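What follows is one structure encoded as structure tokens, with my remarks underneath.
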Amino acid sequence: MKPTTKRLCALLCVLVLLITPLFSVPVGADEVDDKRAELDELKKEQEELQKEIDKLDESVESQQKKVNSLWAQVSNLGKQIDGYRAQISGLDKQIAEQEARIVELNEQIAAKEVELEGIMAKLKKRLRAIGKTGNQSLFQLFFNAESYEEYLIKSKIMETIADYDQGLIDKANAEKKAIEDNRAEVEAKKAETEEEKAELQTAKTTLDAQYQKYDDTYTAARNTQIALEKKLGTYEKKMQQVQKAEEDLDREIAALLNGTPTTSTYGGKMYWPAPALTTISSPFGKRSMGWHGGVDLWCYGCLGKPIYAAASGTVIKAQSNHYSYGNFVMIDHGLDSKGRRIVTLYAHMRYTPMVTNGQAVTGGVTQLGVVGNTGNSFGAHLHFEVRVDNVRVDPIGNGYIVKPS
């Protein structure tokens, strides 16, 4: 290679080295692109999250509609069952009246039989007396008579006596038959009433099964709704509504108690309010969802089990469809030995309470209703409270009720 050529090549190399930095890709450009891609991914993720939130909102709304629909069906079935229960109760009353009437008619029949026995005894006695005088027949009477006129008189007397005796017998028998016919009529009516009751009971049993099915479905849907609401942070808001409903009720009860002074005395003894429910599913005190002001009593298959007044007293509140307590009853038991007002509360009953405001109840005897799942409840149970001067206290810890062994 010529020297000139060598110098030209060297110059070109220097120029290339000087020019190259001006046109090369800046350092860190790949990193910027990566950040931009990451930002795009984050934006996409944000959009996806928003979609999920929107979807969740829609899910809560649709789940709420489902819960409302199921509750409407449960309530409707409950009202139908209430209707059947009322009809069956009425038929039970009719049957009891008919049974009492049958007993009364049986006593009347027995009395008529005694009356007939008395008539027959008198008749036999009279016949024996006639036999002793030899006047056993009209033929003998004819030969013993001194004249035909005497015969006619005596025969007429005998005929009259016989007709009278027969009349007594016929009358008693007719009266007895009338009573027996009346009894047969009442017994037939009782059989019809019992048949009608059996049909109603069958229909009620079918509805009970439907109610249980819908109640279970409603409970599952309600639990799903609560899980969705927790994700959106609305559960606490609902709990605040529950708390407000309870506080409003507390104020209402305080006003009730202040407005109705008591002169009765609490007897110092309470019965276990639901004998079939021996498990405490939630005790009194603090729990994950806040403060629990009573004890929850439960058993397997407890839906529909009877609830009784824990102690004697007067119903001061029997209400349906409370936001928190559902269908519930409150009883005023009067003042204890320390002058404190004792009140008990029975919540979440399945149907409308069986007692009314102002009704006197007897501890361990008067049925208030049956175990249900109404109000702020997540499964059939009895929520039981004891209030001392309208302050909720532990019913078991303070010895008001004792758990059955």
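From the phi of every residue in segment 207-215, what ³J(HN,Hα) in whole Hz does the Karplus formula 6.51 cos²θ - 1.76 cosθ + 1.60 yield, where θ is phi - 60° and glycine or proline is x?
5, 4, 5, 5, 4, 4, 4, 5, 5
Between K305 and residues 5 or more places away or on another chain, which pairs have amide H atoms under 5 Å apart, with H built 1.01 Å from N, and which residues are they?
It is V371, by chain and number.
Just want the ordering: R222, R101, R387, from fewest to most Cβ atoms lying within 10 Å of their own Cβ. Could you put the intermediate results ahead of the total?
On the way: R222 21, R101 17, R387 24.
Going from sparsest to densest Cβ surroundings: R101, R222, R387.
With a 10 Å Cβ neighbour count serving as the proxy for reagent exposure, in which order, fewest first, do T265, T352, T344 appear? Kindly include the intermediate steps, with their values, before the conclusion.
On the way: T265 12, T352 17, T344 25.
Fewest to most other Cβ atoms nearby, the residues stand as T265, T352, T344.
If neighbour count is taken as other Cβ atoms inside 10 Å, put D394, D248 in order from fewest to most. Please report the intermediate quantities before stating the final value.
Details: D394 17, D248 13.
Lowest count first: D248, D394.
Could you tally up the Lys pairs in segment 241-393 with alpha carbons closer than 26 Å? Skip any pair fewer than 8 positions apart unless they're on separate chains. Could you put the intermediate results ahead of the total?
Numbers: K244/K286; K244/K317; K269/K305; K269/K317; K269/K338; K305/K317; K317/K338.
Number of lysine pairs found: 7.
Given a Förster distance of 30 angstrom, what is the FRET efficiency for N258 paired with K79, based on the Cβ-Cβ distance and rounded to 0.05? The partial results should precede the final answer.
Working: r = 34 Å, r/R0 = 1.15.
The computed FRET efficiency comes out at 0.30.
Roughly how many debye, to the nearest 20, is the charge dipole of segment 241-393 about its Cα centre, given +1 on each Lys and Arg Cβ, -1 on each Asp and Glu Cβ, and no other charges? Mind showing how you got there, number by number?
Numbers: 13 positive and 10 negative charges, 46 e Å.
Computed charge dipole of segment 241-393: roughly 220 debye.
Let me know the volume per residue of the alpha-carbon convex hull for segment 267-405, in Å³.
100 Å³
Using θ = phi - 60° and the Karplus form 6.51 cos²θ - 1.76 cosθ + 1.60, what ³J(HN,Hα) does each residue of segment 171-180 get, whole Hz, x for Gly and Pro?
4, 4, 5, 5, 5, 5, 5, 4, 5, 5
Once phi is turned into ³J(HN,Hα) by the Karplus curve 6.51 cos²θ - 1.76 cosθ + 1.60 with θ = phi - 60°, what whole-Hz value does each residue of segment 194-200 show in order, with x for glycine and proline?
Values, residue by residue: 5, 5, 4, 4, 4, 5, 5 Hz.
Only the coordinates and a few stated rules stand behind these numbers; no lab work does. Note that this is a predicted model, so its numbers are computed, not measured. We place every Cβ from the backbone using ideal geometry, glycine too, and count neighbours over all the protein chains shown.
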